[in-house]
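Shown next, in structure tokens, is the structure this report addresses.
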Amino acid sequence: MDITEVILHQHHEQRRMFALLDEMPRDDTEALGAVWARLAVLLEVHAEAEEKFFYPRLLKLGKGNPEGDVDDEVEDAIKDHNEIRDAVRAADGPQVGSEEWWTAVWEARKANDDHMAEEEREDLLDFRHHADLQTRHDIAVQFLTYEAKHYAGIPAQDKDPEEYIAENR
Ligand SMILES: [Fe+2]
Ligand SMILES: [Fe+2]
């Protein structure tokens, strides 16, 4: 097992679930609501598991890639996670299938797409270069255990990026 592979794979699942929404019948609000609820859980538990198990180790082992430093990388990631959480929360109010709901889902998709691209290009690369395979395996075990325990979701909580870095240094 390798945490960089686990994260990459889960990103693919997230992209795929957004793509599923494209193909759901627009008037089937039960289907739309169910798929979206599942995706919202996956997004939140994935981000929280990264913050618990991946980013603290990246802060210690990473060197920053391709330029800049690792603190900037992690600060960006926590900010992005907050943005995704806010966008997911915005889809909670409007009626499923409404114009407003689709707009909120679209915002969450864009925020998540932008974040995943950066995380893959910078954070995962940094970790592949600077963390050994045993460490990558150990984190994957912790990460997947946490996700399995919280399969039904967790309350979304924004984090202050600077506090997060200070606490996890
Ligand atoms: Fe991720
Ligand atoms: Fe992330």
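Brief remarks on what is shown
- Listed by first and then second residue, the pairs linking a residue in segment 19-41 that is exposed (fewer than 15 other Cβ atoms within 10 Å of the Cβ) and basic (Lys, Arg) to a residue that is part of a loop (DSSP other than H, G, I, E, B) and modelled with pLDDT of 95 or more, with Cβ atoms under 7 Å apart and 6 or more places separating them unless they lie on different chains, are ARG26/GLY97.
- Scanning segment 5-18 for residues that are within 14 Å of ligand 2 (Cβ to nearest atom), within 22 Å of TRP101 (Cα to Cα) and exposed (fewer than 15 other Cβ atoms within 10 Å of the Cβ) yields GLU13, ARG15.
Here's the yes/no breakdown for (1) of a type in the set (Lys, Arg); (2) out of contact with any helix residue (DSSP H, G or I) (no Cβ under 9 Å at 6 or more places or on another chain):
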residue	(1), (2)
LEU20	no, no
ARG26	yes, no
ARG38	yes, no
VAL41	no, yes
GLU48	no, no
LYS52	yes, no
PRO56	no, no
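- Long-range neighbours under 8 Å by Cβ, at least six apart or interchain, first residue under 21 Å from PRO25 (Cα atoms) within segment 102-126, second part of a helix (DSSP H, G or I) and within 11 Å of ligand 2 (Cβ to nearest atom): ALA108/LEU43; ALA108/ILE84
- Residue match in segment 44-56 (condition: among the hydroxyl-bearing types (Ser, Thr, Tyr) and in a helix (DSSP H, G or I)): yes
Every residue, every condition in (1) away from ligand 1 (no atom under 14 Å from the Cβ); (2) touching a Pro at 6+ places or on another chain (Cβ under 9 Å); (3) at negative phi; (4) not aliphatic (A, V, I, L, M), yes or no:
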residue: ARG15; (1), (2), (3), (4): no, no, yes, yes
residue: ASP28; (1), (2), (3), (4): yes, no, yes, yes
residue: ALA37; (1), (2), (3), (4): yes, no, yes, no
residue: ALA40; (1), (2), (3), (4): yes, no, yes, no
residue: PHE54; (1), (2), (3), (4): no, no, yes, yes
residue: LYS60; (1), (2), (3), (4): yes, no, yes, yes
residue: ARG85; (1), (2), (3), (4): no, no, yes, yes
residue: ALA90; (1), (2), (3), (4): yes, no, yes, no
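- Selection of segment 110-141 for residues being farther than 23 Å from GLU75 by Cβ, away from ligand 1 (no atom under 14 Å from the Cβ) and not in a loop (DSSP other than H, G, I, E, B) yields LEU133, GLN134, HIS137, ASP138, VAL141.
The values are calculated or read from the model by the stated rules, or taken from the named source; none is laboratory data. The structure presented is a predicted model; accordingly, all values stated were derived computationally and were not measured. Every residue, glycine as well, gets a Cβ built from its backbone with ideal geometry; the counts of neighbours run over all protein chains shown.
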